[in-house]
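Q: One structure is given below, represented as structure tokens, and several questions about it will come after.
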Amino acid sequence: MPSLVVRPAPAVRAMRDGDQERWDAFVNKCSEATFFHRAGWKSVIERAFGHRTYFLYAESEGRIEGVLPLAQVKSLMFGHSLVSLPFCVYGGIAANTEAARHALHQEAQRLATQLGVGHLEYRNMHARQEAWATKELYVTFRKEISPDDESNMLAIPKKQRAMVRKGIKANLQSAVDHDVERFFAAYSESVHRLGTPVFAKRYFQILRDTFGEDCEILTITRDGRTVSSVLSFYFRNEVLPYYGGGTAEAREVAGNDFMYWELMRRAAARGYTIFDFGRSKMGTGAFDFKKNWGFQAQPLPYAYQLHRAKALPDNNPLNPKYQLFIKLWQHMPLVAANMIGPHIVKNLG
């Protein structure tokens, strides 16, 4: 009777200098991986926010079979967590084998216990940890796009299509920017109106420096004035508009509507086939806006394993305890908000 060959369990290692190319080669081929599994997020999170990171990979016979990017966020106000991955909408374990998945999962739990965190969080796109706690809060919007502009236009529901055509008739112009100045002006003004803290301008420059051509800024203008701007990520066959905003003029001329159409049109012309409209909270204006484009909401089953914490985290603008803060923030001068905001938002993750 032939003997059974038992493969040893994968070894879990921390990513070090020199591992980035191997890591990204695995991410590019792994069907479970996303743009937010890329190795560059380690330096982005460390440089922009000062958080400690733990980028783990499982290896067998010299081959990477799974990755798990993690970062520790420790704040007196917002709690202590180990997250895959803060400031990212997707995360969790991306693996080719169940053995690699198990090994990474075990190491993450060991690390969470060692660090004494309140909770361990995986920002899964698909359900994985059925026994862990979850909450119905976030959804994502993803849709295939055609290489044909007219097909993409006709796929937009009539009411929203009229808004896109309004922007076209307003003679709005688009251009790819090579710095963050116009983008940051539109973005910071927009989030200030919403009453939420702004990221530092330096963060967006770090994203551009780290991801290069895969991190692009598209700015919309009218008669030379900035109307709206969006920073997008490109990954495999997907385009992901990630941060964006518009000036007060944007509403008047449908600047944001035109901006997303123009991004879709440009991406389709370059051969991209998936438009990922990104994460939104259910019951918000952003949720309704994306549905109006004909996108179907896909629940995001983020998974939480409580360690020292007694309850799930609830650090989001829909929490009633933050409503007064939001109203006060909206009335704060923009210059002050842009100075203070980065010190708050870095701990929200």
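The values are calculated or read from the model by the stated rules, or taken from the named source; none is laboratory data. If you're wondering where the values come from, they're calculated on a predicted model, not measured in any experiment. All Cβ positions, even for glycine, are placed from backbone atoms using ideal geometry, and neighbour counts span all protein chains on display. Accessible surface areas use protein heavy atoms only, side chains included; no ligands, DNA or RNA. Shrake-Rupley method; radii C 1.70, N 1.55, O 1.52, S 1.80 Å.
Q: Suppose each label sits 7 Å from its Cα in the direction of the beta carbon; what would the LEU154-ARG193 distance come out to in nanometres?
A: Label at LEU154, label at ARG193, 3.4 nm between them.
Q: Shifting gears a bit: Let me have the relative contact order for segment 116-228, percent, based on Cα pairs under 8 Å that are six or more residues apart.
A: Working: 60 pairs, mean separation 30.1, N = 113.
Reported relative contact order: 27 percent.
Q: Once amide H atoms are placed 1.01 Å from N in the peptide plane, what residues at a sequence separation of 5 or more from ILE145, or on another chain, have their amide H within under 5 Å of its amide H?
A: Amide H neighbours of ILE145, under 5 Å, 5+ apart: ILE274, PHE275.
Q: For the chain, what does the accessible surface come to per residue with a 1.4 Å probe? Please give it in Å².
A: Result: 48 Å² per residue.
Q: Per the Kirkwood formula on distinct C-alpha pairs, the Rh of segment 66-156 is how many angstrom?
A: Across segment 66-156, the inverse of the average 1/r is 15.4 Å.
Q: What percentage of the solvent-accessible surface of the chain, computed with a 1.4 Å probe over protein heavy atoms, is contributed by carbon and sulfur atoms?
A: 53 percent
Q: Just to compare against my own numbers: the Cα pair-distance distribution for segment 155-221, 10 Å bins, whole % per bin, please.
A: That works out to 17, 35, 34, 13, in percent per bin.
Q: Here's another thing I want to ask about it. How long are the three semi-axes of the equivalent ellipsoid for segment 1-151, computed from the Cα gyration tensor as the root of 5 times each eigenvalue, in whole Å, largest first? Present the calculation step by step, with values, prior to reporting the outcome.
A: Details: eigenvalues 129, 107, 58 Å².
Over the Cα atoms of segment 1-151, the semi-axes work out to 25, 23, 17 Å.
Q: For the chain, max minus min Cα coordinate along each principal axis, in Å, sorted largest first?
A: 76, 47, 35
Q: OK, next. Given only helices, namely DSSP H runs of n ≥ 4 each adding -39500 (n - 2.57), what is the per-residue ellipticity at 222 nm of the chain, to the nearest 500 deg cm²/dmol?
A: -11000 deg cm²/dmol
Q: Moving on. Run through all the Cα pairs of segment 70-118 and give the fraction in each 10 Å bin from 0, expressed as whole percent.
A: Going from the shortest bin to the longest, the percentages are 24, 48, 24, 4.
Q: Taking only C-alpha pairs under 8 Å that are 6+ residues apart, what is the relative contact order of the chain in percent?
A: For the chain, the relative contact order is 21 percent.
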